[in-house]
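Engineer: Below you'll find the structure I mean.
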Amino acid sequence: MSDQILDSRVICHECDLLVDIGQLPDGYKASCPRCGFVFTRSFRNALDRMLIFALTAVICLLFSNLFGYVSLLVQGQEREISLLETVQVLFELKEWALSAFMLVIIIGLPAFFSVLISWLAIAIKLERVSPRTIHLMRFIGYLRFWNMAEIFFLGILISMVKVASLARIEVGLSFWAYAAFNVFFIAALLHYDKFQLALTIRKIVQDKQRVASAA
(Lines give C-alpha, C1' and ligand atoms only; values in the text may rest on other atoms or scores of the structure.)
Protein backbone atom coordinates (compact mmCIF):
# COMPACT_ATOMS: atom_id res chain seq x y z
CA MET A 1 0.00 0.00 0.00
CA SER A 2 1.04 3.62 -0.27
CA ASP A 3 1.52 3.67 3.50
CA GLN A 4 4.52 1.47 4.28
CA ILE A 5 3.02 -0.83 6.87
CA LEU A 6 5.55 -2.69 9.01
CA ASP A 7 3.56 -4.65 11.59
CA SER A 8 1.55 -1.83 13.20
CA ARG A 9 3.78 1.05 12.10
CA VAL A 10 3.01 3.59 9.40
CA ILE A 11 4.91 6.47 7.81
CA CYS A 12 3.07 9.80 7.81
CA HIS A 13 2.23 11.14 4.35
CA GLU A 14 2.75 14.72 5.49
CA CYS A 15 5.88 14.76 7.66
CA ASP A 16 7.44 11.25 7.18
CA LEU A 17 7.26 10.47 10.91
CA LEU A 18 7.22 6.74 11.70
CA VAL A 19 4.35 6.07 14.12
CA ASP A 20 3.37 2.82 15.84
CA ILE A 21 -0.44 2.68 15.82
CA GLY A 22 -1.49 -0.83 16.73
CA GLN A 23 -5.04 -2.15 16.86
CA LEU A 24 -7.56 0.60 17.59
CA PRO A 25 -10.74 0.13 19.63
CA ASP A 26 -14.02 0.73 17.81
CA GLY A 27 -14.85 4.40 17.38
CA TYR A 28 -11.25 5.64 17.74
CA LYS A 29 -8.92 7.24 15.23
CA ALA A 30 -5.13 7.61 15.08
CA SER A 31 -3.40 10.78 13.93
CA CYS A 32 0.20 11.93 13.59
CA PRO A 33 1.51 13.48 16.83
CA ARG A 34 3.65 15.89 14.81
CA CYS A 35 1.35 17.26 12.08
CA GLY A 36 -2.09 15.90 13.00
CA PHE A 37 -2.59 13.88 9.79
CA VAL A 38 -5.27 11.22 10.37
CA PHE A 39 -3.85 7.77 9.63
CA THR A 40 -6.79 5.52 10.29
CA ARG A 41 -10.25 5.23 11.84
CA SER A 42 -11.75 2.14 13.41
CA PHE A 43 -15.49 1.89 12.80
CA ARG A 44 -17.77 -0.49 14.64
CA ASN A 45 -18.68 -3.48 12.41
CA ALA A 46 -16.67 -1.86 9.61
CA LEU A 47 -16.51 -5.01 7.44
CA ASP A 48 -20.24 -5.69 7.66
CA ARG A 49 -21.10 -2.08 6.90
CA MET A 50 -18.63 -1.86 4.04
CA LEU A 51 -20.04 -5.03 2.49
CA ILE A 52 -23.68 -3.96 2.86
CA PHE A 53 -23.05 -0.46 1.51
CA ALA A 54 -20.99 -1.73 -1.44
CA LEU A 55 -23.53 -4.40 -2.44
CA THR A 56 -26.39 -1.92 -2.14
CA ALA A 57 -24.44 0.52 -4.31
CA VAL A 58 -24.05 -2.15 -7.02
CA ILE A 59 -27.79 -2.87 -6.95
CA CYS A 60 -28.67 0.84 -7.15
CA LEU A 61 -26.25 1.35 -10.04
CA LEU A 62 -27.84 -1.56 -11.88
CA PHE A 63 -31.32 -0.07 -11.45
CA SER A 64 -30.07 3.36 -12.54
CA ASN A 65 -29.37 1.89 -16.01
CA LEU A 66 -32.70 0.13 -16.44
CA PHE A 67 -35.14 3.05 -16.41
CA GLY A 68 -35.43 6.61 -17.62
CA TYR A 69 -32.99 9.02 -16.01
CA VAL A 70 -34.48 12.39 -16.86
CA SER A 71 -37.11 13.71 -19.28
CA LEU A 72 -37.37 17.17 -20.84
CA LEU A 73 -40.54 18.82 -22.13
CA VAL A 74 -39.83 21.69 -24.53
CA GLN A 75 -42.51 23.31 -26.71
CA GLY A 76 -44.77 20.29 -26.43
CA GLN A 77 -42.05 17.79 -27.29
CA GLU A 78 -40.91 15.35 -24.61
CA ARG A 79 -37.68 13.36 -24.62
CA GLU A 80 -36.62 10.83 -22.02
CA ILE A 81 -33.12 9.45 -21.81
CA SER A 82 -31.29 6.91 -19.67
CA LEU A 83 -27.64 6.72 -18.67
CA LEU A 84 -26.79 4.09 -21.28
CA GLU A 85 -28.69 6.04 -23.94
CA THR A 86 -26.51 9.03 -23.09
CA VAL A 87 -23.45 6.96 -23.97
CA GLN A 88 -25.13 5.81 -27.18
CA VAL A 89 -26.09 9.35 -28.23
CA LEU A 90 -22.56 10.64 -27.61
CA PHE A 91 -21.20 7.78 -29.69
CA GLU A 92 -23.62 8.55 -32.55
CA LEU A 93 -22.51 12.20 -32.42
CA LYS A 94 -18.94 10.92 -32.89
CA GLU A 95 -17.94 12.15 -29.44
CA TRP A 96 -16.01 8.93 -28.93
CA ALA A 97 -13.70 10.18 -26.16
CA LEU A 98 -16.59 11.61 -24.15
CA SER A 99 -18.68 8.50 -24.78
CA ALA A 100 -15.86 6.23 -23.58
CA PHE A 101 -15.25 8.48 -20.57
CA MET A 102 -18.93 8.31 -19.65
CA LEU A 103 -19.08 4.54 -19.99
CA VAL A 104 -15.82 3.76 -18.18
CA ILE A 105 -15.46 6.47 -15.53
CA ILE A 106 -19.10 7.18 -14.67
CA ILE A 107 -20.59 3.69 -14.94
CA GLY A 108 -17.91 1.02 -15.35
CA LEU A 109 -15.30 1.92 -12.74
CA PRO A 110 -17.77 2.67 -9.90
CA ALA A 111 -19.45 -0.69 -10.53
CA PHE A 112 -16.10 -2.52 -10.70
CA PHE A 113 -14.88 -0.70 -7.59
CA SER A 114 -18.01 -1.61 -5.61
CA VAL A 115 -17.72 -5.26 -6.65
CA LEU A 116 -14.05 -5.38 -5.62
CA ILE A 117 -14.82 -3.89 -2.21
CA SER A 118 -17.62 -6.43 -1.73
CA TRP A 119 -15.34 -9.30 -2.75
CA LEU A 120 -12.60 -8.07 -0.39
CA ALA A 121 -15.00 -7.80 2.55
CA ILE A 122 -16.36 -11.30 1.90
CA ALA A 123 -12.85 -12.75 1.57
CA ILE A 124 -11.80 -11.23 4.90
CA LYS A 125 -14.97 -12.35 6.67
CA LEU A 126 -14.47 -15.91 5.39
CA GLU A 127 -10.72 -15.69 6.12
CA ARG A 128 -9.92 -16.55 2.49
CA VAL A 129 -7.02 -14.12 2.30
CA SER A 130 -3.30 -14.32 1.56
CA PRO A 131 -0.38 -11.87 1.38
CA ARG A 132 -1.47 -11.19 -2.22
CA THR A 133 -4.70 -9.68 -0.91
CA ILE A 134 -2.64 -6.62 0.03
CA HIS A 135 -1.98 -6.12 -3.70
CA LEU A 136 -5.71 -6.13 -4.30
CA MET A 137 -6.09 -3.42 -1.68
CA ARG A 138 -3.41 -1.39 -3.43
CA PHE A 139 -5.26 -1.76 -6.74
CA ILE A 140 -8.52 -0.67 -5.10
CA GLY A 141 -6.69 2.37 -3.75
CA TYR A 142 -5.61 3.30 -7.29
CA LEU A 143 -9.17 2.98 -8.60
CA ARG A 144 -10.49 5.12 -5.78
CA PHE A 145 -8.87 8.27 -7.18
CA TRP A 146 -10.58 7.74 -10.55
CA ASN A 147 -14.06 7.75 -9.07
CA MET A 148 -16.06 10.66 -10.50
CA ALA A 149 -19.61 9.40 -10.00
CA GLU A 150 -20.53 12.01 -7.41
CA ILE A 151 -18.94 14.77 -9.52
CA PHE A 152 -21.05 13.67 -12.50
CA PHE A 153 -24.20 13.63 -10.36
CA LEU A 154 -23.42 17.11 -9.03
CA GLY A 155 -22.92 18.31 -12.60
CA ILE A 156 -26.32 16.88 -13.56
CA LEU A 157 -27.97 18.77 -10.70
CA ILE A 158 -26.32 22.03 -11.74
CA SER A 159 -27.36 21.49 -15.37
CA MET A 160 -30.95 20.82 -14.31
CA VAL A 161 -31.05 24.11 -12.39
CA LYS A 162 -29.81 25.99 -15.44
CA VAL A 163 -32.23 24.29 -17.85
CA ALA A 164 -35.23 24.57 -15.51
CA SER A 165 -36.13 28.01 -16.91
CA LEU A 166 -36.14 26.72 -20.51
CA ALA A 167 -37.91 23.39 -20.16
CA ARG A 168 -39.96 21.29 -17.79
CA ILE A 169 -37.76 18.66 -16.22
CA GLU A 170 -38.96 15.40 -14.70
CA VAL A 171 -36.66 12.90 -13.08
CA GLY A 172 -37.19 9.18 -13.47
CA LEU A 173 -36.53 6.15 -11.31
CA SER A 174 -32.96 5.92 -12.57
CA PHE A 175 -32.20 9.39 -11.27
CA TRP A 176 -33.17 8.44 -7.73
CA ALA A 177 -31.40 5.08 -8.07
CA TYR A 178 -28.20 6.85 -9.14
CA ALA A 179 -28.57 9.31 -6.25
CA ALA A 180 -28.92 6.38 -3.83
CA PHE A 181 -25.93 4.71 -5.47
CA ASN A 182 -23.77 7.75 -4.71
CA VAL A 183 -24.90 7.79 -1.07
CA PHE A 184 -24.13 4.10 -0.50
CA PHE A 185 -20.94 4.28 -2.56
CA ILE A 186 -19.57 7.13 -0.43
CA ALA A 187 -20.65 5.28 2.74
CA ALA A 188 -18.69 2.20 1.58
CA LEU A 189 -15.64 4.37 0.91
CA LEU A 190 -15.85 5.92 4.38
CA HIS A 191 -15.63 2.46 5.94
CA TYR A 192 -12.80 1.36 3.63
CA ASP A 193 -9.81 1.95 5.92
CA LYS A 194 -6.80 0.30 4.31
CA PHE A 195 -4.70 0.33 7.48
CA GLN A 196 -7.27 -1.50 9.59
CA LEU A 197 -8.01 -3.91 6.74
CA ALA A 198 -4.30 -4.61 6.26
CA LEU A 199 -3.86 -5.36 9.95
CA THR A 200 -6.82 -7.74 9.85
CA ILE A 201 -5.45 -9.51 6.76
CA ARG A 202 -1.96 -9.83 8.30
CA LYS A 203 -3.44 -11.26 11.50
CA ILE A 204 -5.45 -13.88 9.56
CA VAL A 205 -2.39 -14.86 7.48
CA GLN A 206 -0.19 -15.12 10.58
CA ASP A 207 -2.79 -17.26 12.35
CA LYS A 208 -2.93 -19.59 9.34
CA GLN A 209 0.84 -19.85 9.22
CA ARG A 210 0.96 -20.57 12.96
CA VAL A 211 -1.64 -23.35 12.61
CA ALA A 212 0.20 -24.81 9.62
CA SER A 213 3.50 -24.77 11.53
CA ALA A 214 1.89 -26.48 14.53
CA ALA A 215 0.45 -29.19 12.30
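The values are calculated or read from the model by the stated rules, or taken from the named source; none is laboratory data. Keep in mind that this is a model prediction, so the values were computed, not measured. Positions of Cβ are generated from backbone atoms using ideal geometry, with glycine treated the same way; all protein chains shown enter the neighbour counts. These area figures cover heavy atoms from the full protein model, side chains too; ligands, DNA and RNA do not enter into them. Shrake-Rupley method; radii C 1.70, N 1.55, O 1.52, S 1.80 Å.
Engineer: Which of the helices (runs of 4 or more DSSP H) contained wholly in segment 103-215 include at least 1 residues that are over 19 Å from E85 (Cβ atoms) and open to solvent by less than 20 Å² (accessible area, probe 1.4 Å)?
Structural biologist: Details: elements: 109-125, 133-144, 149-163, 173-190, 194-214.
Hits in segment 103-215: 109-125, 133-144, 173-190, 194-214.
For (1) open to solvent by 70 Å² or more (accessible area, probe 1.4 Å); (2) over 10 Å from Q196 (Cβ atoms); (3) touching a Phe, Trp or Tyr at 6+ places or on another chain (Cβ under 9 Å), each residue gets a yes or a no:
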{"site": "Q23", "(1), (2), (3)": "yes, no, no"}
{"site": "Y28", "(1), (2), (3)": "yes, yes, no"}
{"site": "S31", "(1), (2), (3)": "no, yes, yes"}
{"site": "R34", "(1), (2), (3)": "yes, yes, no"}
{"site": "F43", "(1), (2), (3)": "no, no, no"}
{"site": "L51", "(1), (2), (3)": "no, yes, no"}
{"site": "C60", "(1), (2), (3)": "no, yes, yes"}
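Engineer: Okay, next question. Please go through segment 3-14 and pick out each residue that is open to solvent by less than 30 Å² (accessible area, probe 1.4 Å) and modelled with pLDDT of 75 or more.
Structural biologist: V10, C12 - these are the residues of segment 3-14 that are open to solvent by less than 30 Å² (accessible area, probe 1.4 Å) and modelled with pLDDT of 75 or more.
Engineer: For segment 181-198, which residues satisfy the criterion of being of a type in the set (A, V, I, L, M) and either out of contact with any Leu (no Cβ under 9 Å at 6 or more places or on another chain) or without any contact (Cβ under 8 Å) to a residue 24 or more places away in the chain (or both)? Break it down stepwise before answering.
Structural biologist: From segment 181-198, those of a type in the set (A, V, I, L, M) are 183, 186-190, 197-198; that's our starting set.
Of everything in segment 181-198, those that are of a type in the set (A, V, I, L, M) and either out of contact with any Leu (no Cβ under 9 Å at 6 or more places or on another chain) or without any contact (Cβ under 8 Å) to a residue 24 or more places away in the chain (or both) turn out to be V183, I186, A187, L189, L190, A198.
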